Amino acid sequence: MHYDNKNCSFSNIRQLWSKCKESSPAERCYICKASYYITKDNQSVFNGLAALPPKKFGFAADVLCVKVGCDVRLIKNLDVAANLVNSATGTVVSVIYDNADCGALVAGKNPPPYCIVVKFAGFKGFATKTGSVFLFPSQRHFVPIYRQNFRALSNDLPVWIKKKQEVKHCYRTQFPLDLCSAMTCLRAYCQTLANCTVSGDLGLSNPDSHLPQNISSILYVACTRVTQLSNLVVSPIHPTVSKKIGNSEADVARRKAEEKLREEALGFAQAEDRKAKENEWQKTDRHVTRQHKKNCKYAEMVQQKLE
């Protein structure tokens with residue numbers, strides 16, 4: 001589990017490549033390079049778009065590496081009714097290329113695959129008027145994933161790129177997938193990771209490490225995803241950095257606001273309690289008064305009968 005997407009992506013790729021090399025026989029690592037709008041004179045724009053981080057294109061990476069058997073997740077909603085939603089996880093079962101790319105594959109090049117078949121355990125089928133449709137009837141959880149265009153917002157593009165090329169042509173064609181053996185703390189939010197070991201690497205071992213303002217919340221999310229503390233491993237945090245955690249201006253302001261809210265809530269509860277007690281006393285007093293009147297009336301009736 002990492003703080004930023006860059007370190008998370010590097011960790012995923014390193015783990016994938018290590019598994020490919022260590023397996024016997026060695027497994028193939030499929031490299032899926034993104035495509036861009038290309039003209040005769042926009043090579044500089046092509047290089048500029050390729051250098052932009054995945055966050056600018058809806059978290060679609062310039063280079064996606066996969067292998068058969070690796071775990072991946074969706075980075076966008078494909079079909080909500082079919083449960084193909086953002087962050088849905090699955091396992092790659094096949095990588096299919098176009099017949100026209102066979103020559104490039106034999107030559108040792110890496111053309112982008114035609115599609116990647118992923119097994120999603122929660123796939124419910126594509127809804128139609130006649131019912132749910134499964135593209136692989138014998139394997140109902142298999143789903144072919146194709147490349148899609150991910151467009152960057154105008155504000156996320158460098159000015160020099162917008163001067164040389166229209167914004168509508170500034171897109172990245174890539175599979176809506178990402179490796180998920182490692183994830184950011186943000187993506188892990190609201191997830192319970194049971195029966196596995198969670199390693200939290202927040203890059204805070206260096207005393208000069210940049211400390212995010214929301215580091216307290218990040219640590220809380222990273223350390224509360226497991227069901228047992230024995231399944232949690234946190235990377236070293238330098239003592240100088242650890243003293244700063246929870247002492248930023250935002251943390252101090254948040255604690256003051258929480259203390260103020262706590263005092264106001266306590267005062268409100270006490271005021272409501274006093275009102276409730278006063279109402280109860282008034283009800284009791286009215287009840288006693290009515291009962292006293294009844295007793296007096298009854299005593300008068302008895303005295304009249306005796307007379």
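Step through the residues of the range 43-55 one at a time and calculate ³J(HN,Hα) from phi using the Karplus curve (6.51 cos²θ - 1.76 cosθ + 1.60, θ = phi - 60°), rounding each to whole Hz and writing x for Gly and Pro.
4, 5, 5, 4, 5, x, 5, 5, 7, 5, x, x, 4
Calculate one ³J(HN,Hα) per residue across the range 267-283 by plugging θ = phi - 60° into the Karplus curve 6.51 cos²θ - 1.76 cosθ + 1.60, and present them in order as whole Hz with x for glycine and proline.
Each residue's phi maps through the Karplus curve to give x, 5, 5, 5, 5, 5, 5, 5, 4, 5, 5, 4, 4, 5, 5, 5, 4 Hz.
Quick one: Karplus J couplings for the range 118-127, per residue in order, coefficients 6.51, -1.76, 1.60, θ = phi - 60°, nearest Hz, x for Gly and Pro?
10, 9, 9, 5, x, 5, 9, x, 7, 6
Count the net charge of all other residues whose Cβ sits under 10 Å from the Cβ of Ala34, scoring Lys and Arg as +1 and Asp and Glu as -1. Spell out each step's value before the answer.
Working: positive: Lys33, Arg147, Arg172; negative: Asp62.
Computed value for this residue: +2.
Which translational diffusion coefficient, to the nearest whole µm²/s, is obtained for the chain from the Stokes-Einstein equation, given a Kirkwood hydrodynamic radius over C-alpha pairs, 37 °C and 0.692 mPa s? Walk me through the intermediate numbers first.
Numbers: Rh = 25.0 Å.
For the chosen part, D equals 131 µm²/s.
Could you state the orientation-averaged shadow area of the convex hull built on the Cα atoms of the range 72-184, in nm² to one decimal?
On the way: hull surface 42.5 nm².
Mean projected area for the range 72-184: 10.6 nm², to one decimal.
Pull up all non-local amide H partners of Gln148: gap of 5 or more, or a different chain, and H-to-H distance under 5 Å with H placed in the peptide plane.
Amide H neighbours of Gln148, under 5 Å, 5+ apart: Gln174, Phe175.
Report, in listed order, any pair from Lys19/Lys119; Lys33/Lys119; Lys6/Lys243 with a Cα-Cα distance greater than 24 Å.
Lys6/Lys243
Among DSSP bridges having both ends in the chain, what percentage is antiparallel? Round to the nearest 5.
Numbers: 28 of 33 bridges.
Restricted to the chain, the bridges split so that about 85 percent are antiparallel.
Taking the Cα centroid of the range 92-106 and of the range 202-233, what is the distance between the two, rounded to the nearest whole Å?
Spelled out, the Cα-based centre of one part sits 41 Å from the other.
Can you spot the lysines whose alpha carbon is less than 23 Å from Lys294's alpha carbon? Ignore those fewer than 8 places along the same chain.
Leaving aside lysines fewer than 8 places away in the same chain, those within reach of Lys294 are Lys283, Lys305.
Under 17 Å between alpha carbons, and skipping anything fewer than 8 positions from Lys168 in its own chain: which lysines qualify?
List returned: Lys56.
Roughly what angle does helix 5-22 make with the longest principal axis of the chain, taking Cα atoms, 0 to 90 degrees, to the nearest 10?
60 degrees
No lab work stands behind these numbers, since they all come straight from the coordinates. These numbers come from a predicted model, not from an experiment. Ideal geometry is used to build each Cβ from the backbone, glycine not excepted, and the neighbour counts take in all protein chains shown.
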